[in-house]
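Derivation of every value follows stated rules applied to the coordinates shown; laboratory data play no part. Quantities reported herein were computed from a predicted structural model and do not represent experimental measurements. Every residue, glycine as well, gets a Cβ built from its backbone with ideal geometry; the counts of neighbours run over all protein chains shown.
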Amino acid sequence: MSQQPNSLPPRSSARKSSSAAKPGKEKKKKRNPLLKAFFFLLFGLLLTAAALIVVVALKTSDAIDTIALPETEATPVPVTESVKQKPVAFVLMGIDSRDHGGGLNTDVMMVAAFNPNTKKATVVTIPRDTYVEVENYRGRKANRFYADGYVVASRDKGMSKEAADLEGKKMVKEVMGKLFDIDIKYASMINFQGFSDVVDALGGVEVNVDMRMKYRDTRDGTNIDLQPGFQELDGKEALDFVRYRKSNDGKNMSSDFDRNRRQAEVMSAILDKLVSMGGITKITSVIDAVGKNISADMHRQEITRMLETYYTIRSSDIEFLSLDGVWKSPNVYVDEASLAKAKAALQAKMAE
């Protein structure tokens, strides 16, 4: 009897242990739904990402088919000679193809050199009115070469629109290659609508509007009305910003050199936003805009390789230069020192 009390504590202790275990089980039950929810969320995100990758891949493939040369006209490039392995130079042109646009003259012209080893590039902007005279080509404004090549091929040689386009691009590549003493392998063309659509697809770009810009021309539908200051521009406004030349009252004049600087500024803003998280979420819209409005004389495989090689490039990886000179109506005459600097920069990028 005296030992009975001594036997009670173990039973009591066992009951406490049992009762202590119950809250633990309840806590475990409470944690499980949260853990399951977390894994379901993670799984859902992975599925969404996979779906996005598939959609982007399919859209990119469709866009590349639209941009590239038809398979019957393009020559495949061995990978050892491709843009993934060797530096490459491009001519980039912008043309006003709106209903009341400016015809075949290229309002924007740039020469770009890309190096796959450094993943960097040099871009030289060329004022549209730059007087260019090189071997085998009579002197004229830089923005005339594509138009002249196109017209000769179409009107005089009876070539199709597509063939005439290639002839125009070929002439520009040869002329600019001689001007900068480099081999320019490819040429691409974007129309103004494509430029505007890309900016809209990204949700606008932020730039510093450097002056009051107000100009209207009922003939081609131009209606520019921008206040000065740092601000976000939509597609139309960004296009107005880079195109602005003068006001209707003759004040606030803007030179080709100002336009080139603005072009580089907007290109940088587009590029940085495209590689940002905000741009990634809008990538399919950007691909749609690009695919409808750009053409290039490249094999589709080379375009794919170009995207794979330089998809992470940012504005900080690009050296922007502009040809400088003097305006003597109706031409811009390039300063020799400016031309020499541009030549050296492009050649250095090709040699890295």
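The table below lists the values:
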read-out	value
Calculated FRET efficiency for the pair residue 66/residue 159, C-beta based, R₀ 25 Å, to 0.05	0.75
Unit charges on C-beta of K, R, D, E only; dipole of segment 144-266, Debye	480
Residues with amide H under 5 Å from that of residue 244, placed H, sequence gap 5 or more	none
For residue 205, residues with placed amide H under 5 Å, excluding near neighbours	233
Reachable aspartates and glutamates, given that their alpha-carbon falls under 15 Å from the alpha-carbon of residue 341 and they are not under 8 places away in the same chain	181, 319, 324
Calculated from backbone phi, Karplus (6.51, -1.76, 1.60) coupling profile of segment 108-116 in Hz, x at Gly/Pro	10, 9, 9, 10, 10, 10, 10, 10, x
Fewest-first ranking of 303, 126, using other Cβ atoms within 10 Å as the exposure measure	303, 126
Residues of segment 216-235 with amide N under 20 Å of the 7 Å Cα→Cβ point at residue 251	216-217, 223-230
Lysine pairs with alpha-carbon atoms under 29 Å apart, segment 123-234, spacing 8 or more or separate chains	23
Residues with amide H under 5 Å from that of residue 322, placed H, sequence gap 5 or more	125
Ordering of 105-114, 169-178 by packing [mean C-beta count within 10 Å, highest first]	105-114, 169-178
